[in-house]
Amino acid sequence: MEQVVMAEARMQALWGRGGLCGRLLTTADGRAFRVLNPGAPGDGRGPDFLGATIVWHGGGLTHGDVELHVRSEDWHQHGHDHDPRYDGVVLHVVLRDNPGYIARLATGASVPAVSLENHLDSAMLCPQPFGTEPRIDLRPCYALSERQGARTLSRRLTWLGKRRFYMKCEAALQAIKRDGYSEALYAWTMGALGYARNKEPFFTLSRHVHLSDLQSLTDRAERQALLLGRAGLLPSQRVPALEAQVWVMELETAWRTLGLSPAMNERDWDLFHVRPANFPMRRLAAMESLARPPRQFDRWVLNLVREAPVDNAAGQLEPAVLVPADGYWADHADFGVEIENPTALLGRARAREMVINVFLPFTVSWAGLQHNRQLQRHALGMYSSYPPLAENRITARLGRYIWNGEAPVLSACQQQGLQYLNALFCQSERCGSCPIVR
């Protein structure tokens, strides 16, 4: 086979989609094996893939991490031989193997290597001269924009984004029928405040603290104490107990006055993988602010959407949803933990996500139940023209892949179309059924 160069990102795409699973591969020292599970992508701070499973020819399984490089010696060049985060690596996947090089862990143990150059065929890549990057068509959507044209691709992503929106509307409708509009909207808002890491704990808490419970209290300290106390996040409920400043003492006193028991505990919440500014304590303070009397949270959301112009929905909706940090949470991420760069309890990016994923679907569903077609069309028009959300890992990866480089600026609806593709087709490798390829 001609010598080729494959960018490390392309190698990761091939490995991550299971392109080598089931093939009989051979390590540099002659041991044959097959990949049963390529593992899950790492977070960029350690090995490329975590928790892979290798089946050795003749018997035996190996579980561990996998690191990929273009050349064998990149292992040393990248400093992995002195980094304990790579001590779980059980396979070094390279494009070109240097027969004289042995990758070693910080413990001194050697890592078996497999050269893809010895196992790839022309169906997987187009050979290019050394020093150039080949065009590799790993999936039928690779560089799809060049074959379909920007206008056609834009229309298809818009159509998919609307399909995802209608699915959310249907889920919102079922939640409204089950729990009532007010409580269902509140539960979904709580989930949106939790981001991916704490979405489920926020949903759980919404079942223990209803919107009606929260809005029945007139004292701010009691409302925050109700949320934090039922969540098991007050200083007195955690070990070791945290600081007791004036506002904290007010919260503890209010919690004792309520006479309730915690419904959750600190272990139910993810505080390790979350930025301090996004800690659940701050997000619960934001929810208390959004539902603070005399505002009726459910009616407030409907009026916001109803009164915002379609052509400038973001300009009117998002400033209304922002919650600035004040009081104790102006400079604290947690009890006793000060934050260096104070940020809003609910910022612009999260407000935009909340509008797209909660407020608009619920408005459309509620309006449908009320036979208010005008409000339905109004909210749908907002969604169709809403400016883009903050780019996330999924939209960035698919955008680069489909456009073979830098993706153009997409609307929020088109970004949701990419999310729809990823959830229903990309993750399960259903390329043959992909609606943008067919």
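Computed from the Cα positions only, the extents of segment 180-385 along the three principal axes stand at 54, 35, 27 Å, in decreasing order.
Near the amide H of Val89, within less than 5 Å, lie the amide hydrogens of Asp65, all on another chain or at least 5 residues away, with H placed in the peptide plane. Where only DSSP H runs of four or more residues are counted, the chain gives -13000 deg cm²/dmol as its mean residue ellipticity at 222 nm, each run worth -39500 (n - 2.57). Mean silhouette area of segment 2-82, derived from the convex hull of its C-alpha atoms and averaged over all directions, reads 6.1 nm².
Taking other C-beta atoms within 10 angstrom as a stand-in for reagent exposure, His210, His332 fall in the order His210, His332, fewest first.
Segment 68-83 and segment 299-369 have Cα centres lying 45 Å from one another. When the alpha carbon gyration tensor of segment 8-138 is reduced to an equivalent ellipsoid, its three semi-axes come out at 21, 18, 15 angstrom, largest first. For segment 356-438, the calculated P(r) over all alpha carbon pairs, in 10 Å bins from 0 to the bin holding the longest distance, is 16, 38, 29, 15, 1 percent.
When DSSP beta bridges are limited to those with both residues in the chain, what percentage is antiparallel, rounded to the nearest 5?
65
For segment 276-327, applying the loop criterion from DSSP together with a ceiling of 14 other beta carbons within 10 Å to the trypsin sites (Lys or Arg not before Pro) yields Arg295.
With N denoting the number of residues in the chain, provide Rg(C-alpha) divided by 2.2 N^0.38 Å, to two decimal places.
Normalised Rg, Cα atoms only: 1.17.
Take every Cα pair under 8 Å whose residues are at least 6 apart in sequence, average their separation, divide by the length of the chain, and the relative contact order is 14 percent.
Annotation note: GluC sites (Glu not before Pro) in segment 319-414 located in DSSP loop regions with a Cβ neighbour count of at most 16 within 10 Å are Glu340, Glu391, Glu406.
Along the chain, the exposed loop sites are chymotrypsin sites (Phe, Trp or Tyr not before Pro) outside DSSP states H, G, I, E and B with at most 14 other Cβ atoms within 10 Å, and the longest stretch free of them is 273-438.
Distant-in-sequence amide contacts of Asn37, defined by a placed amide H-H separation under 5 Å and a gap of 5 or more residues or a different chain, comprise Thr53.
For segment 377-419, the set of trypsin sites (Lys or Arg not before Pro) satisfying both a DSSP loop assignment and a count of at most 12 other C-beta atoms within 10 Å is empty.
FYI, it's all coordinate maths here, none of it is from the lab. The structure presented is a predicted model; accordingly, all values stated were derived computationally and were not measured. So basically every Cβ, Gly included, is an ideal-geometry build from the backbone, and we count neighbours across all protein chains shown.
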